[in-house]
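Working notes for the structure below.
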Amino acid sequence: QVLRGLTNTRYGWTLESSNAVRYVDLVWNIESLISRLIPRYFFFIVASMLVIISLADAVYVFHLFKAGQLSQMWPVKLLRALVLTIVTVSFSTPPTCDFMQ
């Protein structure tokens with residue numbers, strides 16, 4: 001994804017070069033296949049639910065630490081996994097040059 005960002009047309013690369021790099025980007029290829037089968041609003045609903053669950057788990061982890069119950073670590077591990085999933089999925093691919101023009 002970093003290579004796609006660097007070969008953007010804003011940095012002097014031609015549109016053909018930028019498109020060639022886009023076709024070897026695994027995340028872009030998977031997203032383009034999935035978006036044909038599943039509508040985008042479904043992903044918005046899933047992302048919203050992940051954020052809500054993450055916030056609820058963060059409040060629960062705060063309550064556990066405040067109460068001194070450090071024996072239960074699964075909520076912390078769940079919070080870590082949820083946040084990593086949200087960050088990886090939401091911010092993995094920079095906007096394409098089609099939207100930038």
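Points worth noting:
- Some residue of region 54-66 being on the phi < 0 side of the Ramachandran plot, surrounded by 12 or more Cβ atoms within 10 Å (Cβ to Cβ), at pLDDT 85 or above and among the polar types (S, T, N, Q): yes
- Output for region 18-34, where each listed residue is open to solvent by less than 70 Å² (accessible area, probe 1.4 Å) and either among the aliphatic types (A, V, I, L, M) or at pLDDT 80 or above (or both): A20, V21, V27, I34
- Selection within region 1-49 - outside any helix (DSSP H, G or I) and polar (S, T, N, Q): Q1, T7, N8, T14
- Scanning region 67-92 for residues that are at positive phi and touching a residue at least 60 places away in the same chain (Cβ under 8 Å) turns up nothing.
- Qualifying position, being over 30 Å from R80 (Cβ atoms) and without any contact (Cβ under 8 Å) to a residue 40 or more places away in the chain, among S35, S54, S17: S17
- Any hit, region 26-49, residues being closer than 16 Å to S90 by Cα and in contact with a Leu (Cβ under 7 Å, 6 or more places away or on another chain): no
The values are calculated or read from the model by the stated rules, or taken from the named source; none is laboratory data. It should be emphasised that the depicted structure is a prediction, and the values quoted were computed from it without experimental measurement. Glycine also receives a Cβ, built like all others from the backbone with ideal geometry; neighbour counts cover every protein chain displayed. Protein only, heavy atoms only, side chains kept; ligands, DNA and RNA dropped before computing areas. Shrake-Rupley method; radii C 1.70, N 1.55, O 1.52, S 1.80 Å.
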